[in-house]
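Please treat every number below as a calculation from the coordinates, not as lab data. Bear in mind that the values here come from a model prediction, so they are computed numbers and not experimental data. Backbone-built Cβ (ideal geometry, glycine too); neighbour counts: all protein chains shown.
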Amino acid sequence: MEWTFSGEVIEWRGPAPYLFLAIPADVSDEVREDARDLVYWGQIPVEATIGDTDFTTALFPKDGRYLLPLKVVVQRAEEVVEGMTLTVAMSLRRESP
């Protein structure tokens with residue numbers, strides 16, 4: 001299954017600041033249901049496209065929803081900054097890259 005949605009870019013501080021795309025609650029629910037066999041340590045492997053940039057990553061659970069980590073290469077290529085709204089196409093990654 002593939003999802004296309006828009007979300008706000010947020011910063012979530014861990015040991016260092018990181019940018020994530022907040023996935024809408026309804027999409028998070030669908031992902032959780034479809035990815036039951038893929039969850040590892042709470043994370044779900046995905047393939048995503050933002051603008052012209054394709055990348056792989058793993059969703060992080062946070063407050064009942066998921067966050068899509070935005071790698072530095074994606075941030076630079078698509079000029080991503082905190083607070084902007086992005087549209088992403090995303091699908092589950094069922095095989096290792």
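Using just the helices of the chain, give the 222 nm mean residue ellipticity in deg cm²/dmol: DSSP H runs with n ≥ 4 each add -39,500 (n - 2.57), and the total is spread over all residues, rounded to 500. Could the numbers behind the result be given before it?
On the way: 2 runs with 17 residues, N = 97.
The helix-only estimate for the chain comes to -5000 deg cm²/dmol at 222 nm.
Whole-Hz ³J(HN,Hα) for each residue in the stretch 83-92, computed from phi via Karplus 6.51 cos²θ - 1.76 cosθ + 1.60 with θ = phi - 60°, x for glycine and proline: what do you get?
Karplus-based 3J(HN,Hα) across the stretch 83-92 equals x, 6, 9, 10, 9, 10, 9, 9, 9, 6 Hz.
Could you check which residue among R65, R76, R13 shows the biggest mean-square fluctuation in a GNM of the chain with a 10 Å Cα cutoff?
R13
Residues in the stretch 53-97, backbone N under 12 Å from the label point at A25 (7 Å along the Cα-to-beta-carbon vector): list them, ranges by number please.
Label zone hits: 64-65.
Short version: ³J(HN,Hα) in whole Hz for each residue of the stretch 54-61, in order, from phi by Karplus 6.51 cos²θ - 1.76 cosθ + 1.60 (θ = phi - 60°), x for Gly and Pro, what are they?
Going residue by residue, I get 9, 7, 10, 6, 9, 5, 9, x Hz, with x marking Gly and Pro.
Fewest Cβ neighbours within 10 Å first, please rank Y66, Y40 accordingly.
Ordered by Cβ neighbours within 10 Å, fewest first: Y40, Y66.
Order 53-62, 86-95 from most to least packed using the mean count of other Cβ atoms within 10 Å. Spell out each step's value before the answer.
On the way: 53-62: 16.7, 86-95: 15.0.
Descending mean neighbour count gives 53-62, 86-95.
Based on the Cα gyration tensor of the chain, what are the three equivalent ellipsoid semi-axes, each the root of five times an eigenvalue, rounded to whole Å and given largest first? Before the final figure, lay out the partial values.
Working: eigenvalues 76, 44, 35 Å².
Semi-axis lengths for the chain are 19, 15, 13 Å.
Between I44 and residues 5 or more places away or on another chain, which pairs have amide H atoms under 5 Å apart, with H built 1.01 Å from N, and which residues are they?
Here L59 satisfy the definition.
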